[in-house]
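First comes the structure, then the notes that go with it.
The values are calculated or read from the model by the stated rules, or taken from the named source; none is laboratory data. Values in this document were obtained by computation on a predicted structure and should not be read as measured data. Heads up, the Cβs are rebuilt from the backbone with ideal geometry, glycines too, and the neighbour counts pull from every protein chain shown.
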Amino acid sequence: MHHRLRNLLLGVGLLAAAMTTQAGDGKLDVVYHLSDEGKVGFVLNNIQNHINGIGGPEKINIILVSHGPAVKRFNDIEAVNRVRENVAKLQEQGVTFEACANTLTALNLEPDELLPGFVIAEQGGVTRIAELQSEGYAYLRP
């Protein structure tokens, strides 16, 4: 009896955890954390695979929050074509891209120097990630 009750409670807990990552619109909410400059292409590919794997952009809300060295890869002048194209394609599918305001200051970059469509996380990247997690977003850091 004790094992069945434990399994039932575990199942209810897992269901509750899964439900907390669902938006009011029934979509899965996910925040991707990116700080490593060398992982930009990898993370963009992961996001596309995530969208494809879940059945399309209509089933998921994704926010990529970048800070630290990774932000340099999203500089409009210096971005390589593959990054530029992947960001635009993901934005067309509803992915939101956010950059840390503190990192922009440290890198001496203005918000308008980033690729089009970037939102600035004024409170800082890690603070924004924690805020999204507190709202029920699943956290991924590939």
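Kindly provide the set of residues from the stretch 76-127 that are part of a strand (DSSP E or B) and either surrounded by fewer than 17 Cβ atoms within 10 Å (Cβ to Cβ) or touching a residue at least 60 places away in the same chain (Cβ under 8 Å) (or both), ordered by number.
Selection gives Thr96, Val119, Ile120.
Check whether at least one residue in the stretch 39-51 is within 15 Å of Arg141 (Cα to Cα), touching a Pro at 6+ places or on another chain (Cβ under 9 Å), of a type in the set (D, E, K, R) and at pLDDT 95 or above, and report yes or no.
Yes, some residue in the stretch 39-51 is within 15 Å of Arg141 (Cα to Cα), touching a Pro at 6+ places or on another chain (Cβ under 9 Å), of a type in the set (D, E, K, R) and at pLDDT 95 or above.
For residues that are outside any strand (DSSP E or B) and crowded, with 18+ Cβ neighbours inside 10 Å, tally how many sit in the stretch 58-74.
5
Which one of these is modelled with pLDDT under 95 and out of contact with any strand residue (DSSP E or B) (no Cβ under 7 Å at 6 or more places or on another chain): Ala130, Ala88, Ala23, Ala17?
Checking each option against the conditions leaves just Ala17.
Residues being more than 20 Å from Gly68 (Cβ to Cβ) and in a strand (DSSP E or B): count how many of those fall in the stretch 128-142.
So the count comes out to 1.
From (1) more than 12 Å from the chain's Cα centre (by Cα); (2) among the small types (Gly, Ala, Ser); (3) within 13 Å of Ile63 (Cα to Cα), pick out the condition that doesn't hold for Gly124.
Every condition holds for Gly124 apart from (3).
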